[in-house]
Amino acid sequence: MENLFAGRPLRDEIVIDAHMHVGKYYNFLIPSNGVAALIENARRLGITRLYGSSLLSIRNDAIAGNTMVIETHAAYPNLFFPYLVVKPNYPEEIKEILDLAERHNIKQFKIHDDGNSLPFDHHNYFPLYEYANHIGAVVLAHTYGQMHVAPLMKVAKEFHSAKILLGHSGITNEDSYYIAVRSFNNIFLETCNSLAWYGLIERLVKQVGAERICFGTDMPFMSPDQQIGRILGAKITDDEKRRILGVNAQELFSAESTDQK
């Protein structure tokens, strides 16, 4: 763990970024948004796996953006693994996206309410949840407190074999995240956060245990140095840090999550 504080990559550690992106976003200036820059940052820090979604998919064109992340995986097959974004605006596209997942053996998906006003428990999402429930897939959800956590608790209850990963855990309405994890074994927390509340990592561990928390950076929006530093500098044990930084994600994501061809 001391390597990173000395400016060296973490070596002989499992470090998995469970929440990042590729591409540009319409209302953010992101100077280093290219895939090569993201990969360089990951290798510099010692991140061994990246799970990422397309920003194009989140805001605009799910089909084109999902194709982009599959191509990124083909370029970096042992490092980058795609989330396929499912948007409820166009329910007729969901079967096409699920067929794409089936063809490439992709078992992780991303949902985000940017560009739509439908809650995460809206029936337009149900084909995704049914598929995720059937195969035990991970669904990473953008969250901002109770407004997102409450409907996702309903999803977790009905689709109990789907693994629901709450992005930006603790950003607001902190207690709602603790209640969700305590209530459902298939809900997990993810750490990337633009509001780095003092002591949040320690509180997450105290309230739900390190075993239910995964590390994420939210690259390219936020610096991975700052996001990983929040974990390394937290007043928790080294074993808890290791679980958050990668061991938990390794268990959460199947080793066969994406076709290596």
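Each reported figure results from applying straightforward, stated rules to the coordinates on display, with no laboratory input. Quick caveat, the model's predicted, so the values are computed rather than measured. Quick reminder, even Gly has a Cβ in these numbers, built from the backbone with ideal geometry, and neighbours come from all protein chains shown.
Numbers at a glance
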| item | result |
| --- | --- |
| Filtered residue count, the stretch 33-64, keeping only those that are assigned to a helix (DSSP H, G or I) and either surrounded by 18 or more Cβ atoms within 10 Å (Cβ to Cβ) or without any contact (Cβ under 8 Å) to a residue 60 or more places away in the chain (or both) | 18 |
| Residue satisfying all of: in the stretch 106-122; assigned to a loop (DSSP other than H, G, I, E, B) and under 18 Å from the mean Cα position of the chain (by Cα); farthest from P82 (Cα to Cα) among these | F120 |
| Y76 of a type outside the set (V, I, T) and either under 19 Å from the mean Cα position of the chain (by Cα) or buried (at least 23 other Cβ atoms within 10 Å of the Cβ) (or both) | yes |
| Test: residue in the stretch 139-148 that is β-branched (V, I, T) and under 22 Å from H21 (Cβ atoms) | yes |
| Positions within the stretch 171-208 being surrounded by 14 or more Cβ atoms within 10 Å (Cβ to Cβ) and under 17 Å from I236 (Cα atoms), in sequence order | L189, E190, T191, A196, L200, I201, R203, L204, V205, Q207, V208 |
| Subset tally (residues that are small (G, A, S) and under 18 Å from L245 (Cα atoms)) for the stretch 170-193 | 1 |
| Number of positions in the stretch 71-101 that are part of a loop (DSSP other than H, G, I, E, B), under 21 Å from Q250 (Cβ atoms) and among the aromatic types (F, W, Y) | 2 |
| Set L166, L128: member being crowded, with 19+ Cβ neighbours inside 10 Å and without any contact (Cβ under 8 Å) to a residue 40 or more places away in the chain | L166 |
| Residues of the stretch 131-152 that turn out to be surrounded by fewer than 16 Cβ atoms within 10 Å (Cβ to Cβ) and either on the phi > 0 side of the Ramachandran plot or not in a helix (DSSP H, G or I) (or both), as a count | 2 |
| Whichever residue in the stretch 108-125 is over 19 Å from R212 (Cα atoms) and hydrophobic (A, V, I, L, M, F, W, C) and, among such residues, is surrounded by the fewest Cβ atoms within 10 Å (Cβ to Cβ) | L118 |
| Residue check for S161: free of Cβ contacts under 8 Å to residues at least 60 places away in the same chain, under 17 Å from the mean Cα position of the chain (by Cα) and in a loop (DSSP other than H, G, I, E, B) | no |
| Residues within the stretch 174-190 that are outside any helix (DSSP H, G or I) and either among the acidic types (D, E) or without any contact (Cβ under 8 Å) to a residue 60 or more places away in the chain (or both), tallied | 6 |
